[in-house]
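**Q** Please see the structure below; I have some questions.
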């Protein structure tokens, strides 16, 4: 009798453990790591997305800023986290497709240690000059640079950042001789641009849109395939004869490798629904930001292709970690 009771008790414990392990995902809060400091465009997007996901998934999605080493520290923390869907990465292109090419060493393998969930957004860039600049159009700016080669400077948020390489691509396609001045972040670069210490800058549209609207910067070109509604008078680089300078930053979600496929699928669908909420969709449309919400098996190869594309350019211009 005692043996039978013990057997029944053991079976009950086993079943209880199995039921606990089989709880529907998610059954506890989710941590979404942003590998950059708070307040930047990736962080702002992640927080807006996290609020929507909290409602969609029924569990709180907490944004955790873990900046450093161009995004490597935050991404590494996710790569080494349990593959259970409760630690996620929300990052931009630089940390995933540029830094792996220029970092002296990587503590993880981006292709093997992270699972693609979805490319969330495509973010166009805009070429800006100070509002006090004498150049009113892109054509005038090109003429000025060509008349005084190597006398012009452009700012970036740092060597190896997406805006740095976008500007280098513009230089190559437009055959411009213009010097790179790297800064430690977008804020000091924009400050010097507005102050006239540098001549131009490429930046994500959402980053500089408030300064354009405030009359502190002038937009000369956008890198999107079509004009941006909120900057409808600004031509695209394709219109200006530079079709290869249709380039974007992009944001996406990843999880640790070997995260269960059903969890990845649930996250992919939830992100797509959140991004297409009317308030989010309207905001992105006005900024020229394109909602992608790609499938996991599409996002993985896309990252690989972007790594090869930007890596080749980064090496050719000597980009390096600072």
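What follows draws every value from the coordinates through simple rules; no lab data is involved. Here the structure is a predicted model, which means the values were calculated and not measured. Note that each Cβ is placed from the backbone with ideal geometry, even for glycine, and that neighbours are counted across all protein chains shown.
**Q** For the peptides 169-179, 191-201, what is the packing order when you average, over each peptide's residues, the other Cβ atoms within 10 Å and list the highest mean first? Display every interim value, and only then the final one.
**A** Working: 169-179: 16.5, 191-201: 18.8.
Top of the packing list down: 191-201, 169-179.
**Q** Name the shape class, rounded, prolate or oblate, that the alpha-carbon gyration tensor gives for segment 124-245, where a ≥ b ≥ c are the square roots of its eigenvalues, rounded holds for a/c under 1.5, and otherwise prolate holds if a/b is larger than b/c and oblate otherwise.
**A** On the way: a/c = 1.23, a/b = 1.04, b/c = 1.18.
Judged from the Cα gyration tensor, segment 124-245 comes out rounded (a/c under 1.5).
**Q** Now, a different point. Looking only at segment 124-245, where both bridge partners belong to it, what percent of the DSSP beta bridges are antiparallel (to the nearest 5)?
**A** Values: 9 of 16 bridges.
Expressed as a percentage, antiparallel bridges in segment 124-245 total about 55.
**Q** Just the number, please: percent antiparallel of the DSSP beta bridges in the chain, rounded to the nearest 5. Mind dumping the intermediate values first?
**A** Details: 24 of 39 bridges.
Antiparallel bridges: around 60 percent, rounded to the nearest 5.
**Q** What ranking do 54, 87 get, fewest neighbouring Cβ atoms within 10 angstrom at the top? Present the calculation step by step, with values, prior to reporting the outcome.
**A** Working: 54 16, 87 20.
Going from sparsest to densest Cβ surroundings: 54, 87.
**Q** Between rounded, prolate and oblate, where does segment 163-206 land on the alpha carbon gyration tensor, with a ≥ b ≥ c its root eigenvalues, rounded for a/c under 1.5, else prolate if a/b exceeds b/c?
**A** Details: a/c = 2.09, a/b = 1.52, b/c = 1.37.
Here segment 163-206 falls in the prolate category.
**Q** If I stretch the segment between residue 230 and residue 153 completely, what's the gain in nm (0.36 nm per residue apart, minus their alpha carbon distance), one decimal?
**A** Values: separation 77, 0.36 × 77 = 27.72 nm, distance 2.75 nm.
Result: 25.0 nm gained on full extension.
**Q** Which label marks the calculated value of semi-axes √(5λ) of the Cα gyration tensor in Å, given the options (i) 44, 20, 15; (ii) 33, 21, 19; (iii) 34, 27, 17?
**A** Checking each listed value against the structure points to (i).
**Q** Turning to a different aspect of this structure: If R₀ is 35 angstrom, what is the calculated FRET efficiency for the pair residue 143 and residue 308, using the beta carbon separation as r and rounding to 0.05? Before the final figure, lay out the partial values.
**A** Values: r = 35 Å, r/R0 = 0.99.
So, using R0 = 35 Å, E works out to roughly 0.50.
**Q** Within 10 Å, count the other beta carbons around each residue, average over each peptide in 24-32, 293-301, and list them highest first.
**A** On the way: 24-32: 14.9, 293-301: 16.7.
Put in order of decreasing packing, that is 293-301, 24-32.
**Q** If the chain between residue 298 and residue 60 were fully stretched, how many nm would it gain, using 0.36 nm times the residue separation less the Cα-Cα distance? Numbers along the way, then the final one.
**A** Values: separation 238, 0.36 × 238 = 85.68 nm, distance 2.73 nm.
82.9 nm is the gain from fully extending residue 298 to residue 60.
**Q** Using Cα centres only, tell me the gap between segment 187-222 and segment 52-77 in whole Å.
**A** With segment 187-222 and segment 52-77 each reduced to a Cα centre, they are spaced 28 Å.
**Q** To the nearest 0.05, what FRET efficiency results for residue 109 and residue 262 with a Förster distance of 22 Å applied to their C-beta separation?
**A** Values: r = 24 Å, r/R0 = 1.11.
It comes to 0.35.
**Q** For residue 173 and residue 282, compute 0.36 nm times the residue count separating them, minus their Cα-Cα distance, and round to one decimal in nm.
**A** Working: separation 109, 0.36 × 109 = 39.24 nm, distance 3.28 nm.
Separation in residues times 0.36 nm, less the Cα-Cα distance, equals 36.0 nm.
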